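The values are calculated or read from the model by the stated rules, or taken from the named source; none is laboratory data. Bear in mind the structure is a predicted one, so any value in this text is a computation, not a measurement. Heads up, the Cβs are rebuilt from the backbone with ideal geometry, glycines too, and the neighbour counts pull from every protein chain shown.
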Amino acid sequence: MNYKLLITTVLSIFFFSCQQQQKATSSKDLTVKKPNIIFIYLDDLGFGDISINGAKGFTTPNMDALAKGGVNFKNGYATSATCTPSRYAAFTGQYPWRKNAKILPGTAPMLIDTTQVTLPKMLQSAGYETAIIGKWHLGLGSENKDWNQRIYPGPNDVGFDYSYILAATQDRVPTVYIEDGNVVNLDKNDPIEVDYDQNFEGQPTGKDNPELVTMMWHHGHNNTIVNGIPRIGYMKGGKSALWSDVDMADHFLGKVKSYIQTQSKTDKPFFLSYTMQQPHVPRTPHPRFVGLSGQGPRGDVILEADWCIGELMKTLENEGILENTLIILSSDNGPVLNDGYYDKAVELVGEHQPAGPLRGGKYSLFEAGAHVPFITYWKGKIEPSVSNALVCQIDLFSSLAALVGSNIKGPDSKNILSSFLGQDKTGRSSLVLEATTRTSFRKGKWILIPSYKGKKRNEFVDIELGNNEELMLFDLENDLSQTKNVAHQYPEVVEELLEEFYEIRGE
Ligand code: NG6
Ligand code: CA
């Protein structure tokens, strides 16, 4: 054999395999450092509303698949029991009560300051393309904004490269989509006007014209009627821009799919917040889902949302990026059955317990207010498990920063990346929770709810709010349903928790 030829062959094989290895490592590094990140954020989905957490009467196969293939957190929290504060915390990493965040009307100015650090801005600086598609509810523009001009500031000005949103909630005007600050399909000859105090002359309302509604209001929700549904707030004009309620899920999903299809063809990783409107009121399932749950529109829109999540997963698979995408699923607050419309949610719920074993619901300082479904999924990277780690949406900021190698942190956000990846089962040590501006304190297995004046139960929504003459302490490890106030048995625990709570609150 030719000796020279042998050496050349051996050497070229060696260099070739080195090159291949280098390629493999660099692409693996990329995968490890900069995966796409999708935050699926549902609206008012309770801890028990997915079948893997015990839902009865219907199944949610797509959410279950994420939970079974990823980490299903049993102690996962929004910061709050209502939407605006929870979203504020998730996107800024700051406790919402520091900013006095409350449920906002559709006319509210932008709550996040354009100079603030935010989760999407942090990801932008780490090389991400960022987007939000779905519900916003963090205020837009200034107090006296003109909806017929580009609305500034909005999501695009606090870190989202692309935004396709509804301004507040599905039950609040304006009932139009806004893309990158502009109302979609707006006819300038039919300008939009919005007011939360006074009606516009000659406009029918749910209160005065019940004959015009197709979904009757129970409490609130009796102002301007759009698509037969009476809303909160008054609105005039913008006819060509009005959304279709029954098509909303398909509409947002369409935007999500095309965003993913476009981004998957670029070199940049993306961060997508898919902020779904379900199962918040008004529940308007597409006719394909009507009747499927046996629980009326509330169950039907949960099935609709679950289907959308399945479609999202298929899109990731078809684009070949599923293995390179971290998915986080959670809800902005706990469940409510009657949130202001007659839609049979109460009558048809049967055995199903939207909050699972938890006490209270949306608006409540009891567990069901902010203790929500929380799942992380990353095919091939996260080992399937159930975790008791204490995790909160506020921690996504600093944890994702750690994942992408950024040293920007959210002010109240902890880096608990290893818990989100299923490796650590402890999570953060303590957490301040909030419900309609009242706060409580979780530490380890304990939750301390200070004494608050006010009604014990909101009769309209039929939910216990967590107000009590005496301070309450619960041992969640042994009494998850909060049946026994043990404050008197553990005065030293009360003292320790109060001290830390006041310190964090700066009191
Ligand atoms: C309440 C609404 C409720 C819902 C909630 C916001 C009334 C009587 N009730 O004020 O229907 O819209 O605000 O929900 O108007 S959240 O999930 O966005 O926080
Ligand atoms: Ca909500």
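Taking the stretch 346-371 on its own, how many of its residues are within 12 Å of ligand 1 (Cβ to nearest atom) and either surrounded by fewer than 23 Cβ atoms within 10 Å (Cβ to Cβ) or of a type in the set (A, V, I, L, M) (or both)? Quick ask: steps written out before the conclusion?
Initially, the stretch 346-371 is screened for residues within 12 Å of ligand 1 (Cβ to nearest atom), giving 361-363, 369-370.
Now drop any that are not either surrounded by fewer than 23 Cβ atoms within 10 Å (Cβ to Cβ) or of a type in the set (A, V, I, L, M) (or both), which leaves 370.
Of the residues in the stretch 346-371, 1 are within 12 Å of ligand 1 (Cβ to nearest atom) and either surrounded by fewer than 23 Cβ atoms within 10 Å (Cβ to Cβ) or of a type in the set (A, V, I, L, M) (or both).
Could you please let me know if Val391 is in contact (Cβ under 8 Å) with a residue 12 or more places away in the chain, assigned by the TED database to the domain that holds Thr130 and under 30 Å from His488 (Cα atoms)? So that I can check it myself, show each step before the final result.
Numbers: in contact (Cβ under 8 Å) with a residue 12 or more places away in the chain: yes; assigned by the TED database to the domain that holds Thr130: yes; under 30 Å from His488 (Cα atoms): yes.
It is true that Val391 is in contact (Cβ under 8 Å) with a residue 12 or more places away in the chain, assigned by the TED database to the domain that holds Thr130 and under 30 Å from His488 (Cα atoms).
Considering the stretch 270-310 alone, what residues qualify as being in a loop (DSSP other than H, G, I, E, B), of a type outside the set (D, E, K, R) and under 21 Å from the mean Cα position of the chain (by Cα)?
Of all residues in the stretch 270-310, those in a loop (DSSP other than H, G, I, E, B) come to 276-286, 290-295.
Subsequent filtering for residues that are of a type outside the set (D, E, K, R) retains 276-282, 284-286, 290-295.
Scanning the stretch 270-310 gives Met276, Gln277, Gln278, Pro279, His280, Val281, Pro282, Thr284, Pro285.
Which residues, taken from the stretch 322-371, are over 24 Å from Leu390 (Cβ atoms) and of a type in the set (D, E, K, R)?
Glu323, Asp339, Asp343, Lys344, Glu347, Glu351
Among the residues of the stretch 67-83, is any assigned by the TED database to the domain that holds Ala355 and without any contact (Cβ under 8 Å) to a residue 60 or more places away in the chain?
The initial filter retains those residues of the stretch 67-83 that are assigned by the TED database to the domain that holds Ala355, namely 67-83.
Remaining after also requiring without any contact (Cβ under 8 Å) to a residue 60 or more places away in the chain: none.
Scanning the stretch 67-83, I find no residue that is assigned by the TED database to the domain that holds Ala355 and without any contact (Cβ under 8 Å) to a residue 60 or more places away in the chain, so the answer is no.
Can you name the residue in the stretch 267-288 that is without any contact (Cβ under 8 Å) to a residue 60 or more places away in the chain and either within 13 Å of ligand 2 (Cβ to nearest atom) or of a type in the set (D, E, K, R) (or both) and, of all such residues, is nearest to Gly206 (Cα to Cα)? Spell out the reasoning first.
Within the stretch 267-288, the subset without any contact (Cβ under 8 Å) to a residue 60 or more places away in the chain is 267, 285-288.
Restricting the remaining residues to those that are either within 13 Å of ligand 2 (Cβ to nearest atom) or of a type in the set (D, E, K, R) (or both) gives 267, 288.
Numbers: Asp267: 50, Arg288: 27 Å.
My answer is Arg288.
Could you grab me the full set of residues in the stretch 63-114 that are within 14 Å of ligand 1 (Cβ to nearest atom) and assigned to a helix (DSSP H, G or I)?
Cys83, Thr84, Pro85, Ser86, Arg87, Tyr88, Ala89, Ala90, Pro96, listed by residue number.
Kindly provide the set of residues from the stretch 115-130 that are within 15 Å of Pro153 (Cβ to Cβ) and either part of a helix (DSSP H, G or I) or modelled with pLDDT under 95 (or both), ordered by number.
Pro120, Lys121
Looking at (1) surrounded by 24 or more Cβ atoms within 10 Å (Cβ to Cβ); (2) within 18 Å of Lys68 (Cβ to Cβ); (3) among the basic types (Lys, Arg), find the lone condition where Lys314 falls short.
Of (1) surrounded by 24 or more Cβ atoms within 10 Å (Cβ to Cβ); (2) within 18 Å of Lys68 (Cβ to Cβ); (3) among the basic types (Lys, Arg), only one is false for Lys314: (1).
Under 8 Å between Cβ atoms, at least 6 apart or on separate chains: pull out the pairs that start in the stretch 354-370 with a residue that is farther than 17 Å from Arg298 by Cβ and within 11 Å of ligand 2 (Cβ to nearest atom) and end on any residue that is of a type in the set (Val, Ile, Thr) and part of a loop (DSSP other than H, G, I, E, B).
That search, which allows pairs on different chains as well, returns Ala370/Thr79.
Out of everything in the stretch 85-118 that is polar (S, T, N, Q) and more than 18 Å from Lys409 (Cα to Cα), what residue ends up being surrounded by the fewest Cβ atoms within 10 Å (Cβ to Cβ)? Please lay out each step first, then the result.
Step one: list which residues in the stretch 85-118 are polar (S, T, N, Q), which gives 86, 92, 94, 100, 107, 114-116, 118.
Those left that are additionally more than 18 Å from Lys409 (Cα to Cα): 100, 107.
Working: Asn100: 9, Thr107: 23.
Once the filter is applied, the top-ranked residue is Asn100.
If I go through the stretch 122-156 residue by residue, how many of them are in contact (Cβ under 8 Å) with a residue 40 or more places away in the chain and either among the basic types (Lys, Arg) or surrounded by fewer than 17 Cβ atoms within 10 Å (Cβ to Cβ) (or both)?
Total satisfying the criteria: 3.
Restrict the check to the stretch 244-261 and report whether at least one residue is small (Gly, Ala, Ser) and touching a residue at least 60 places away in the same chain (Cβ under 8 Å).
Initially, the stretch 244-261 is screened for residues small (Gly, Ala, Ser), giving 244, 249, 254, 258.
Pick out the ones that are also touching a residue at least 60 places away in the same chain (Cβ under 8 Å) and you get none.
Taking every residue of the stretch 244-261 in turn, none turns out to be small (Gly, Ala, Ser) and touching a residue at least 60 places away in the same chain (Cβ under 8 Å).
I'm checking my understanding of the structure. Among residues of the stretch 115-148 that are over 16 Å from the mean Cα position of the chain (by Cα) and hydrophobic (A, V, I, L, M, F, W, C), which one is nearest to ligand 1 (Cβ to nearest atom)?
Leu140
Output yes when any residue across the stretch 175-191 is within 16 Å of ligand 2 (Cβ to nearest atom), assigned by the TED database to the domain that holds Ile309, in contact with a Phe, Trp or Tyr (Cβ under 8 Å, 6 or more places away or on another chain) and in a loop (DSSP other than H, G, I, E, B), and no when none is.
Initially, the stretch 175-191 is screened for residues within 16 Å of ligand 2 (Cβ to nearest atom), giving none.
For the stretch 175-191, residues within 16 Å of ligand 2 (Cβ to nearest atom), assigned by the TED database to the domain that holds Ile309, in contact with a Phe, Trp or Tyr (Cβ under 8 Å, 6 or more places away or on another chain) and in a loop (DSSP other than H, G, I, E, B): absent.
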